[in-house]
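Participant: Once you've had a glance at the structure underneath, I'll fire off some questions.
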Amino acid sequence: MKLAFVTPRYGTDVFGGAEMGARMLAEHLAELDGWSVEALTTCARDAWTWANEYEPGTTVENGVTVHRFATSQERDPDFRRLTLQLLARPEKVSDRDGHDWIGKQGPIAPGLIDAIRSSNYDLLAFTPYLYHPTVVGLPLVRDRAVLHPAAHDEPAIRLPLFDDVFEAARGLAFYTEGERAIAEERFPSTVAKPQVVVGLGIDEPPATTAPHGVRALESRPYLLCLGRVDHSKGTHLLASLFARYKERNPGPLALAVVGPVQRPVPVHRDIVEVGEVDDATKWALLRGATLLVSPSAFESFSLVLFESWEAGVPVLVNARCSATVEHVVRSGGGLAFDNYAVFEAELDRLLVDDRLRRSLAAAGARYAEQYRWPAVVDRYRGFAERLASTLPADV
């Protein structure tokens, strides 16, 4: 099997959910006998600028051959204005205006599109659905294209131009049943296509960790929010809810916001914006937390939930996010909030009930067993090999 992943960015220092998930899957598939796994991507690291930060060319990274192509321009300054205009009524947007929006969003890398067009891989896996390499590149190899949409119930997915993208895919791979339901409702043609709910694999956590070393959190109970710090990830929503909670419930409780900072949260004496940390510090912070809060409404899988359960910590998730709610409901590993009153009531309940927190975390850990890497790799390998076996002989 010769497989290529096509992503806007690729690298161990790229923390985007879909791109990180693709890299992790690629690295594990590359370990299979008889499999050759490559990545086709850009030289960009930052999804807001698409500036060329990696060198163009070919490298081998953790067993995956990575081909990087330079972007021809950075994100158009007009993109934000156009987004507000078009996504107010996305279903009414013409294909011409939709493609203009995709172009302004980027990343545009002509060499990457040429490489997709001239490729000879058995299958090419495109992720996520939202960007130029997928919108323009996938239809070029439609008979060999697997779409990993990383789809959310968001305004952009209602743009008519994505009808052709989902229609062109030969097969689809989803993170959750909820994501599949979103895709099938929005794009009825996907119902009859080969597909798999593969999930994302989780690694064994380190057996022990040193203290996290964040002085502002020493000797304090804290909630942990782990991921990119940005409005779109719900961190500012959480900061607002937490600030209101502390007004009504004074005390030592802190909120630790950990991850790459795109837009800093408002300053508050009990909110600690830690920034990016290494893996050891991440696990130390997880194990020291009272609760993990996932405030994002737009997640495709949310690996941090599983890491929290592995660390023995329950989770509180945004009820607007189908993926995280699905995991919480199926696992019994946490609770969900949809407004401040529910947030306060559930937080009060979890903070005082040690037994409940332990019970929720244990249930989550049991659920996580089906997402160990060997199980995920077996699901994907079976799907990909079946799909490749049905390709026309001249493809």
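Participant: How about segment 258-270: which of its residues are under 11 Å from L217 (Cβ atoms) and either in contact with a Cys (Cβ under 7 Å, 6 or more places away or on another chain) or part of a strand (DSSP E or B) (or both)? Please lay out each step first, then the result.
Facilitator: Quick first cut of segment 258-270, residues under 11 Å from L217 (Cβ atoms) only: 258, 270.
Residue satisfying the conditions is V258 alone.
Participant: Follow-up question, since we're still on this one. Return the only residue of L335, L291, L316 being over 30 Å from L130 (Cα atoms) and modelled with pLDDT of 95 or more. Before the answer, list the steps.
Facilitator: Details: L335 fails: over 30 Å from L130 (Cα atoms); L316 fails: over 30 Å from L130 (Cα atoms).
Answer to the selection: L291.
Participant: If you take the residues in segment 1-49 that are in contact with a strand residue (DSSP E or B) (Cβ under 6 Å, 6 or more places away or on another chain) and among the basic types (K, R), which one is farthest from I108 (Cα to Cα)?
Facilitator: Here the answer is K2.
Participant: Sticking with this structure for a sec: Being surrounded by fewer than 19 Cβ atoms within 10 Å (Cβ to Cβ), out of contact with any Lys or Arg (no Cβ under 7 Å at 6 or more places or on another chain) and part of a helix (DSSP H, G or I) is true for just one of R357, R386. Which residue is that? It would help to see each step written out before you state the result.
Facilitator: Details: R357 fails: surrounded by fewer than 19 Cβ atoms within 10 Å (Cβ to Cβ).
Matching residue, one of R357, R386: R386.
Participant: Under the condition of being crowded, with 17+ Cβ neighbours inside 10 Å and under 23 Å from P206 (Cβ atoms), which residue from segment 249-271 is modelled with the lowest pLDDT?
Facilitator: Quick first cut of segment 249-271, residues crowded, with 17+ Cβ neighbours inside 10 Å only: 253-259, 265, 270-271.
Then keep just the ones that are under 23 Å from P206 (Cβ atoms); that gives 256-259.
On the way: A256: 97, V257: 96, V258: 95, G259: 92.
Going through the qualifying residues, I end up with G259.
Participant: May I ask you to verify whether A243 is among the aliphatic types (A, V, I, L, M), part of a helix (DSSP H, G or I) and surrounded by 21 or more Cβ atoms within 10 Å (Cβ to Cβ)?
Facilitator: Values: among the aliphatic types (A, V, I, L, M): yes; part of a helix (DSSP H, G or I): yes; surrounded by 21 or more Cβ atoms within 10 Å (Cβ to Cβ): no.
For A243, the condition - among the aliphatic types (A, V, I, L, M), part of a helix (DSSP H, G or I) and surrounded by 21 or more Cβ atoms within 10 Å (Cβ to Cβ) - is not met.
Participant: While we're here: I'd like to check which helices (runs of 4 or more DSSP H) are fully inside segment 1-110 and have at least 2 residues that are surrounded by 14 or more Cβ atoms within 10 Å (Cβ to Cβ) and under 21 Å from the mean Cα position of the chain (by Cα).
Facilitator: Correct list: 17-29, 95-105.
Participant: Let me spell it out: the conditions are (1) at pLDDT below 95; (2) in the same structural domain as G288 (by TED's automatic domain parsing), and D394 meets all of them except one. Which number is the exception?
Facilitator: Looking at each condition in turn, D394 falls short on (2).
Participant: Starting from segment 218-238, keep only residues that are of a type in the set (F, W, Y), then list their pairs with residues that are outside any loop (DSSP other than H, G, I, E, B) whose Cβ atoms are within a distance under 8 Å, requiring at least 6 positions of separation or different chains.
Facilitator: Note: pairs meeting the criteria are Y222/A254; Y222/L255; Y222/A256; Y222/V272; Y222/G288.
Participant: Do we have any residue at all in segment 212-232 that's under 28 Å from Y129 (Cβ atoms), assigned by TED's automatic domain parsing to the domain that holds A297 and assigned to a helix (DSSP H, G or I)? So that I can check it myself, show each step before the final result.
Facilitator: Start the filter on segment 212-232 by keeping residues that are under 28 Å from Y129 (Cβ atoms), which leaves 225-232.
When the remaining residues are screened for being assigned by TED's automatic domain parsing to the domain that holds A297, the result is 225-232.
Now drop any that are not assigned to a helix (DSSP H, G or I), which leaves 231-232.
Scanning segment 212-232 turns up at least one residue that is under 28 Å from Y129 (Cβ atoms), assigned by TED's automatic domain parsing to the domain that holds A297 and assigned to a helix (DSSP H, G or I).
Participant: Which of the residues that make up segment 272-293 are among the small types (G, A, S) and surrounded by 15 or more Cβ atoms within 10 Å (Cβ to Cβ)? Walk me through how you get there before you give the answer.
Facilitator: Keep residues of segment 272-293 that are among the small types (G, A, S), which gives 275, 280, 284, 288-289.
A284, G288, A289, listed by residue number.
Participant: Here is a further query. Has segment 148-157 got at least one residue that is modelled with pLDDT of 95 or more and among the charged types (D, E, K, R)?
Facilitator: The answer is no, given that none of the residues of segment 148-157 is modelled with pLDDT of 95 or more and among the charged types (D, E, K, R).
Participant: Still on this structure: Residue check, S118 against (1) of a type in the set (G, A, S); (2) within 14 Å of A4 (Cα to Cα); (3) touching a residue at least 12 places away in the same chain (Cβ under 8 Å), all met but one. Which one?
Facilitator: If we test S118 against (1) of a type in the set (G, A, S); (2) within 14 Å of A4 (Cα to Cα); (3) touching a residue at least 12 places away in the same chain (Cβ under 8 Å), just (3) comes out false.
Participant: Pick out the one residue from A280, A207, A254, A297 that is over 20 Å from the mean Cα position of the chain (by Cα) and closer than 24 Å to L350 by Cα.
Facilitator: On the way: A280 fails: closer than 24 Å to L350 by Cα; A207 fails: closer than 24 Å to L350 by Cα; A297 fails: over 20 Å from the mean Cα position of the chain (by Cα).
A254 is the lone residue from the list that is over 20 Å from the mean Cα position of the chain (by Cα) and closer than 24 Å to L350 by Cα.
Participant: Next up: Looking for whichever is buried (at least 23 other Cβ atoms within 10 Å of the Cβ) and part of a loop (DSSP other than H, G, I, E, B) here; the options are S308, S296. Which one fits?
Facilitator: Working: S308 fails: part of a loop (DSSP other than H, G, I, E, B).
None of the other options fit; the residue is S296.
Participant: Looking at segment 314-351, which of its residues are over 25 Å from A150 (Cβ atoms) and assigned to a loop (DSSP other than H, G, I, E, B)?
Facilitator: P314, G332, N339
The values are calculated or read from the model by the stated rules, or taken from the named source; none is laboratory data. This is a predicted model, so every value here is computed, not measured. Every residue, glycine among them, receives a Cβ derived from its backbone with ideal geometry; neighbour counts consider all protein chains shown.
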